[in-house]
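Only one structure is covered here, and it is reproduced in the block below.
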Amino acid sequence: EVQLVESGGGLVQPGGSLRLSCKVSGFRMSGDSMHWARQAPGKGLVWLSRVYEDGSQTTYADSVKGRFTISRDNANNMLYLQMDSLRFADTALYYCVRDRKFAFDEWGRGTLVTVSS
Amino acid sequence: QSALTQPPSASGSPGQSVTISCTGTDRDIGAYNTVAWYQQHPGKAPKVIISEISKRPSGVPDRFSGSKSGNTASLTVSGLQPEDEADYYCSSYAGRDTWVFGGGTKLTIL
């Protein structure tokens, strides 16, 4: 059974940092691009970032470019999102997502990040 | 990286059909055959129901169908059932290794 389990969310002050993790099981993660997406409370989905299968290339949405860093550890089936300079607008449920043929076919249950003073 | 445009709401009675549109540009929907649709029930993670414009993953009822014309993609749900009440999102590859979602459509079963 495929599972993606996010962790690392919590309450952080504006300007602070958090590192999200995603533990993957049930498939060989090294064969797939992986993404992070988020959903603010009561709002829609927003794509954030993608990392290639081997971690060699990364891309970001303009809203997080320069503040967030995606990475992966294929040996341990882990995906990460380092979030720096957090803003109120970054408050959301953050999802770890698998990419198959340009569609997001497997999702975690999300980890909640709250940016508040 | 502007969001794709979806109507905020749609509705239909059980047994009827409803179509949800998703409008982009010639840099995303119009440029690639990568439109996907997701169903999200309250408090749950999204679930892909259509990929590559019109392909249904295993287990998705054939009541769900997708199409594309120009810069606009559409999701049609036929034979509406109560469990179809959910939020629906479209997505598309937008070039240069970026993706974009639609704003979402809340489908209400009357």
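Where a number appears in this text, it was derived from the coordinates with a stated rule and is not lab data. All values derive from a computational prediction rather than experimental measurement. Every residue, glycine among them, receives a Cβ derived from its backbone with ideal geometry; neighbour counts consider all protein chains shown.
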(request) Among A:Lys43, B:Lys68, rank each residue by its count of other Cβ atoms within 10 Å, from fewest to most, as a rough exposure measure. (result) A:Lys43, B:Lys68
(message) How many angstrom lie between the Cα centre of region B:24-79 and the Cα centre of region A:11-80?
(response) 23 Å
(message) For a quick check of your reading of the filter: which chymotrypsin sites (Phe, Trp or Tyr not before Pro) in region A:43-79 sit in a DSSP loop and have no more than 16 other Cβ atoms within 10 Å?
(response) A:Tyr52
